[in-house]
Each structure stands twice: as structure tokens, then as C-alpha cells.
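Take a look at the structure below.
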Amino acid sequence: MSSKPAPAPAGEGARIPSIMKSHTTHLTLTLPERMAFRNITPDVTKLVAASGVREGLCLVNAMHITASVFINDDEPGLHADYKKWLEHLAPFDASPQAYAHNRTGEDNADAHMKRQIMGREVVVAITEGKLDFGPPGRDCHERQKANHPHASAGLVWGRTKG
């Protein structure tokens, strides 16, 4: 068995040696409101820079069952619209009559429903060492239940050059 890296495929960058690399960081966030949005793009940008990955993918995963990660414009009106829409779809009601899940002693059935709608994770391309969201204005956000620390894991994997 050879310990040499496999040769790069013919085509663009074929003469540049590369290795695959991965890097994981956990962010812990605590927000004061029952439902709040926080732009975590600066945190994820630092993670990508620290990884050394030039071309690859970044997985951002909400590591708590009532937290979400999504990509969209960082605009307060949109956040307000999301709150209104989510409350319409899954209104907060701590009573056990409203949601069967609340019969377990918890009061967060609505947060579980909202998480399913908003998503658990996002994958973002890394191009030339930077997050590549496509058109300007897109950012990575986390939505979560209040006063409960939630971790988001950022896993970067891809190719380094040089």
C-alpha cells in the first residue's frame, strides 16, 4: 500500500499538489428571546479561515433539536416576517392540550415544529478560501429557543493548495 497522495486529475489545477483536510468548531449561542435570529456568518467565516481550506464545503449544523440554521438575507423585516409566519404555523402554547409533546412535561412542542420548517443544517461552498453564498446579501443564521445554550457545529472539508 502506497503512502503517496493520489495524483491530481488532469485539468484545472492538475499541477498544484493538494490534500484533503477537515476542521470542526463548535459555537455555543444563548439568545434572550423565546424565538430570535442571529447572523452567524462572521463566526463561520472565521472557522473557514482557520481551516486553511481553499476549495470545498462547509457544513453548519444546529446541534440542538429546537435550533435551526438557514441562509437568507440579513434584514430585520424578513426576520419579523419569519417570526409571524412561524407563529402562524406553530403557535406557542405551553399547555398539554395544545400539543401532545407538552404532555411529557416540556413546553416547547412549537419549537420542534418550527425547527422542522426552518431546517437543521446548511452546506455552503468554499471558493478561494471564502464562503460562497452566490448573490450578495445572503447570510447564515441561527434560530433558537430562548435562554438555552445551543451549539452549532461548523465542519469544513476540502482541498488545500500548496
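A few remarks follow.
- Test: Asn108 is touching a helix residue (DSSP H, G or I) at 6+ places or on another chain (Cβ under 8 Å) and touching a residue at least 60 places away in the same chain (Cβ under 8 Å): no
- Filtering region 37-68 to residues that are surrounded by fewer than 17 Cβ atoms within 10 Å (Cβ to Cβ) and over 18 Å from Leu131 (Cα atoms) leaves Met63, Ile65.
- Some residue of region 149-160 being part of a strand (DSSP E or B), in contact with a Gly (Cβ under 9 Å, 6 or more places away or on another chain) and either of a type in the set (Ser, Thr, Tyr) or at pLDDT 95 or above (or both): yes
The values are calculated or read from the model by the stated rules, or taken from the named source; none is laboratory data. Quick caveat, the model's predicted, so the values are computed rather than measured. Cβ coordinates were reconstructed from backbone atoms using ideal geometry, including for glycine residues, and neighbour counts include every protein chain displayed.
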